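So the structure is just underneath, and the comments pick up after that.
None of the figures in this text is laboratory data; all of them are computed from the coordinates on show. Here the structure is a predicted model, which means the values were calculated and not measured. With ideal geometry, Cβ positions are generated from the backbone for all residues, glycine too; neighbour counts draw on all protein chains shown.
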Amino acid sequence: MNDPVVDALSAFFRPRLTAGDRVCVALSGGRDSVVLLHALARLRKSMILPFPLSALHVHHGLSPKAGAWAEFCRDFCEGLGVPMTVSRVDVPRDSGEGIEGAARRARYAAFAASKTDWLVLGHHQDDQAETVFLNLLRGAGVAGLAGMPVERFARLASSGTRSPVFARPLLDLPRAVIESYADRENLSWIDDESNEDTRFRRNFLRRVIVPRLETSFPGTRKSLARAAKHFAESAALLDELAGMDREKLLSASGRVSVAGLKRLSPPRVKNLLRFLWKSAGFSAPDARWIDEAIRQLATASAETCVSTADGELRVYRDELYVLPVLPHHANPLDTPAECFLKSGEAGEGISWAGGVIRLVSTRGAGIRRNSIEEGNAVFQTLQEGERLKIHPARPRKSLGKLFQEAGIPPWERKRLPCLRIRGKLAWIGGVGVAVEFSCAAGEEGIMPFWAP
């Protein structure tokens, strides 16, 4: 189409889009996102493979003009015939990340939850240069200096949902090209007053430092963006090395062995820990976190716990556990869940302590169905000192002994669900069914499963 913006979008999406793929633009209302949506709307009309196009506007509520910005975006989308969704987010002001960091985290969480295949962002070459410079001043490593990736899968807090791909198809274009498109197409956009405030670090770099560098080092932005690609290649090699180290150190249960980890050189340990953290969908940890993790792993025990805002690194039986931050409330439910299981209800799920209890119909295994239907079946938390007999030829055992035999880590034990029938302990998640409630051969039953 002889337009650098549309041509860049076409070159990006033609080899990637498949039939039915949905494309959603993160529309702030600023010039870059307005140009991106406008150009994609043009491209959609011209492509042999049309794609469903939509927009998502994140309402942070930080500016008194936020409502007007949302209305501007609605009007703009209506003019293009593009459906738009507004996502309101709460930005904590005391998170320790600062307003910029907290707003970014909230914004990207909304992006990740969007029901689309491609979530497209309007970042360009100048944005990439600023990101690399900012990360360099923060003392970032190779991954940080790689800047923003052209595409990556979104990180989702919840499981079972397909994650969209975050895409930045304009990352090789300088800001001047975006500005020319906006002028040529006579577009209007929002100017966020906070973008002028040089108290914010990125604005200070953009409006004060980088322009001064350009006077003595012409092409600074382009050079920094090119350096980001070199760092991205190095980061990919480090990830490849970490993946190889991980495979060598996997135990039979599929977790990394702590003893094996200690045999690696310190730089490789750091590299592997970062890799495990990012592979779990968490934001890359900083150097202080890595150093503390290594210090604790030197004398690792079941009490080891190093955490970030996203997750926790724990150890049990010489194995590493990389987990989302666990709920710390004592009782997973406000009140016990009364569960009267009737015929045909076994497929229902019950929320419990960050997971779900699923009930499966069985025959010759699990809990006798008639024992449940005869009296109240209530899911509750466990009490200290309880005992359970799960094998007819073995004695009743304490919870501690049963947990050890089942290999249940200490941090999981307090939130395990149990099922009581007429006040008697009938089942413990991850442990098993009490003998007195077990199904006989051929008898109809119910088997609860808890997935944390």
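Overview of results
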{"item": "Spherically averaged projected area in nm², based on the convex hull that wraps the Cα atoms of segment 337-451", "result": "6.7"}
{"item": "Straight-distance crosslink candidates among aspartates and glutamates, where the alpha carbon sits under 14 Å from residue 262 and sequence neighbours closer than 8 are dropped", "result": "245, 291, 318, 319"}
{"item": "Residues with amide H under 5 Å from that of residue 319, placed H, sequence gap 5 or more", "result": "258"}
{"item": "Table column - 3J(HN,Hα) (Hz), segment 77-87, Karplus curve with 6.51, -1.76, 1.60, x for Gly and Pro", "result": "5, 4, x, 8, x, 10, x, 9, 10, 9, 10"}
{"item": "Helix 266-279 vs. the chain, principal-axis angle (Cα, 0 to 90°, nearest 10)", "result": "90"}
{"item": "Karplus-derived 3J(HN,Hα), 6.51/-1.76/1.60, for each residue of segment 130-143, Hz, glycine and proline x", "result": "5, 5, 4, 4, 4, 5, 4, 5, 7, x, 5, x, 4, 4"}
{"item": "Net charge dipole size for the chain [Lys, Arg +1 and Asp, Glu -1 on Cβ; Debye, nearest 20]", "result": "1220"}
{"item": "Counted charge near residue 452, where neighbours are those whose Cβ lies closer than 9 Å (Asp, Glu -1; Lys, Arg +1)", "result": "0"}
{"item": "Mean ellipticity per residue at 222 nm, deg cm²/dmol - from DSSP H runs of n ≥ 4 across the chain, formula -39500 (n - 2.57)", "result": "-11500 deg cm²/dmol"}
{"item": "Degrees between helix 4-13 axis and first principal axis of the chain (Cα, 0 to 90, nearest 10)", "result": "30"}
{"item": "Kirkwood-Stokes translational diffusion coefficient of the chain, alpha-carbon pairs, 20 °C, 1.002 mPa s, µm²/s", "result": "83"}
{"item": "Distance in nm between pseudo-label sites at residue 49 and residue 186 (7 Å out along the Cβ direction from Cα)", "result": "3.5"}
{"item": "For segment 4-225, projected area of the alpha-carbon convex hull averaged over all directions, nm²", "result": "13.1"}
{"item": "Nearest-ten-degree value, helix 220-249 long axis tilted from longest Cα axis of the chain", "result": "20"}
